[in-house]
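Please read the structure below before turning to the comments.
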Amino acid sequence: IRCQVAIVGAGPAGLTLAHMLHLQGIDTVVVERQSETHVRARVRAGVVEQTTVDLLTEIGLADRLHREALVHNGFYVRFDRRTHHLDFHRHLDRHAYVYGQTELVADLIDARRDTGRPLFFDATDVAVHDIDTDHPRVEFTEAGVHRRVRADFVAGCDGFHGICRQVVDSSRFRVMDRTYPFAWLGILAHTTPVTDEGMYCAHPDGLSVHSMRGAHLTRQYLQVPADTDLAAWTDDRIWAELRRRSAADDHPELETGEIIERSLAPLRSVVTDPMQQGALFLLGDAAHIVPPTGAKGLNLAISDACVLSHALGAFYAHADRTGLETYSSTALPRVWQAQAFSWNLTTTLHRLGDDDFDWEIRRARLQRWTTSADEERALGEVYLGLPFPTPW
Ligand code: FAD
Ligand code: DHB
């Protein structure tokens, strides 16, 4: 198969890029390792920035989102058994949208199907070759048939455990990272949310997060040690811990109910600099990981797709390579802003040790967040989405 851009991975980054290139008449092939059923069922993030929604609206992919998403002004923070609302909307006139990544990916797959352009699921032995030439290729096997995609460029949108970040020459890259000694145990449950917008509870024993996907569907997370065995957490134990960490004097107790999904996600921060080598560009989780605190991962994947799509558009329309050459330096400052924000939230909201000094510093920061209008506005600027990088 011959195409202009071969896209590895059908997550938010790959599918958004595919659509933005399609709108510019650029021909792509998308290759995904998992089955369509698996990709459509994967429960992950759920908070979509205003900036991301604006882009999705502009490219015609937000119709269902506008009908079904929950529209939030900010989030709640609870500590010392009291609940505080951070209202970002009142400063910025923008919102955050709660819309499951699962729903967004379903919309993106449907949009891809409507274009009639190729999207291969269940690809095995996916390999990328010749990235240092101007005729790279992606090879894979699908339904017993070996396929070779010849392209001008390859977009590595295959996440942190994909192959694209492995084919680059590591001596030419800086990989900067932090791992945290904890993970998030996440559940999806048939219960009514305790607050009308998401809530982070900074309990001395650890964070709990109370988010939602609908009027009677909640998504909640518990900070747990990194080496946690999910099997050791019964439903009763999960509810007891969520209730303990979210106990407050100004709200009723958390409702408990049927847990329909559970998973464990490690916390880490990683940035790969640059995000490109030769004809290969890395996007989203393939290039960087943020800890889930602050819900930036999905949004960053889409902002990378936006940057690369403009760069490829300029290349095909005017033979202008500037955007391609500056892809990393254009995308990385926004990536670092998201890293700094996620780091701030992660270190403020999680229990890091049993040191009283730590807890008092965290409480002091939480008091600033909840009493200073300037601080509230500053958090809101990033939470609701910084502007996407402007083309070079
Ligand atoms: P992905 O969504 O990971 O998509 C990559 C795609 O590439 C996948 O479909 C994968 O199957 C495919 N792929 C992998 N290897 C290959 C290969 N060799 N060949 C072909 N295809 C391949 N963010 C939040 O903001 N909040 C959260 O609560 C949250 N929870 C998360 C929970 C988990 C378990 C994980 C893994 C991530 C979570 N994230 C969360 C992060 C967020 O979901 C990601 O940042 C986002 O999915 C990134 O999009 P992406 O397109 O870059 O990568
Ligand atoms: C959700 C995810 C997050 O990472 C977060 O910080 C808050 C909410 C969610 O899945 O709704």
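Tell me, please, whether a residue that is within 30 Å of HIS89 (Cα to Cα), among the polar types (S, T, N, Q) and more than 16 Å from ligand 1 (Cβ to nearest atom) can be found in the range 227-241.
Keep residues of the range 227-241 that are within 30 Å of HIS89 (Cα to Cα), which gives none.
For the range 227-241, residues within 30 Å of HIS89 (Cα to Cα), among the polar types (S, T, N, Q) and more than 16 Å from ligand 1 (Cβ to nearest atom): absent.
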- Query: Using beta carbons and a limit of 9 Å, which pairs, at least six apart or on different chains, have the first residue in the range 153-180 and free of Cβ contacts under 8 Å to residues at least 60 places away in the same chain and the second one of a type in the set (Asp, Glu) and within 16 Å of ligand 2 (Cβ to nearest atom)?
  - Reply: HIS161/ASP285
- Task: Take the range 5-47 and flag every residue that is within 30 Å of GLY74 (Cα to Cα) and either of a type in the set (Lys, Arg) or within 16 Å of ligand 2 (Cβ to nearest atom) (or both).
- Result: GLY11, PRO12, ARG40, ALA41, ARG42, VAL43, ARG44, ALA45, GLY46, VAL47
- Item | Subset of the range 72-112 (residues that are assigned to a helix (DSSP H, G or I) and within 16 Å of ligand 1 (Cβ to nearest atom)) | GLN101, THR102, GLU103, LEU104, VAL105, ALA106, ASP107, LEU108, ILE109, ASP110, ALA111, ARG112
- Message: For the range 306-324, give me the residue count where each residue is more than 17 Å from GLY156 (Cβ to Cβ) and part of a helix (DSSP H, G or I).
- Response: 9
- Item | Residue within the range 318-333 that is closer than 18 Å to GLY294 by Cβ, in contact with a Phe, Trp or Tyr (Cβ under 7 Å, 6 or more places away or on another chain) and crowded, with 16+ Cβ neighbours inside 10 Å present | no
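Only one residue in HIS318, HIS251, HIS310 is modelled with pLDDT under 95 and either away from ligand 1 (no atom under 12 Å from the Cβ) or farther than 30 Å from PRO391 by Cβ (or both). Which one?
Step by step, each of HIS318, HIS251, HIS310 is checked, and only HIS251 is modelled with pLDDT under 95 and either away from ligand 1 (no atom under 12 Å from the Cβ) or farther than 30 Å from PRO391 by Cβ (or both).
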- The residue that is nearest to ASP249 (Cα to Cα), considering only those in the range 29-71 that are among the charged types (D, E, K, R) and away from ligand 1 (no atom under 16 Å from the Cβ), is GLU68
- Note on the structure: Residue hits (the range 47-90; crowded, with 21+ Cβ neighbours inside 10 Å, within 20 Å of the chain's Cα centre (by Cα) and over 30 Å from GLN24 (Cβ atoms)) are HIS72, GLY74, PHE75
- In this structure, does LEU352 turn out to be surrounded by 15 or more Cβ atoms within 10 Å (Cβ to Cβ) and out of contact with any Leu (no Cβ under 9 Å at 6 or more places or on another chain)? yes
- Can you find a residue in the range 168-185 that is within 16 Å of ligand 1 (Cβ to nearest atom) and closer than 19 Å to ALA13 by Cβ? yes
- Residue pairs meeting the criteria (Cβ under 7 Å; at least 6 apart or on separate chains; first in contact (Cβ under 8 Å) with a residue 24 or more places away in the chain, in the range 92-108; second within 12 Å of ligand 2 (Cβ to nearest atom) and part of a helix (DSSP H, G or I)): ALA96/TYR383; GLN101/LEU298
- Please enumerate the residues belonging to the range 26-53 that are without any contact (Cβ under 8 Å) to a residue 40 or more places away in the chain and of a type outside the set (Val, Ile, Thr). HIS38
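To keep it simple, each residue is scored yes or no on (1) touching an Asp or Glu at 6+ places or on another chain (Cβ under 9 Å); (2) under 20 Å from VAL48 (Cβ atoms); (3) in contact (Cβ under 8 Å) with a residue 60 or more places away in the chain; (4) small (Gly, Ala, Ser).
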{"position": "ALA319", "(1), (2), (3), (4)": "no, no, no, yes"}
{"position": "PHE341", "(1), (2), (3), (4)": "no, yes, no, no"}
{"position": "LEU349", "(1), (2), (3), (4)": "no, no, yes, no"}
{"position": "GLY353", "(1), (2), (3), (4)": "no, no, no, yes"}
{"position": "ALA364", "(1), (2), (3), (4)": "no, no, no, yes"}
{"position": "TYR383", "(1), (2), (3), (4)": "yes, yes, yes, no"}
- Enumerate the pairs (first residue in the range 193-220 and under 25 Å from ARG362 (Cβ atoms) and of a type in the set (A, V, I, L, M); second residue anywhere and within 12 Å of ligand 1 (Cβ to nearest atom) and modelled with pLDDT of 95 or more) with beta-carbon separation below 6 Å, excluding pairs fewer than 6 apart on the same chain, so at least 6 apart or on different chains. VAL209/TYR221
- Within the range 341-385, which residues are closer than 16 Å to TYR180 by Cβ and either in a helix (DSSP H, G or I) or touching a helix residue (DSSP H, G or I) at 6+ places or on another chain (Cβ under 7 Å) (or both)? PHE341, SER342, TRP343, ASN344, LEU345, THR346, THR347, THR348, LEU349, LEU352, ASP358, ARG362
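The values are calculated or read from the model by the stated rules, or taken from the named source; none is laboratory data. Values in this document were obtained by computation on a predicted structure and should not be read as measured data. Note that each Cβ is placed from the backbone with ideal geometry, even for glycine, and that neighbours are counted across all protein chains shown.
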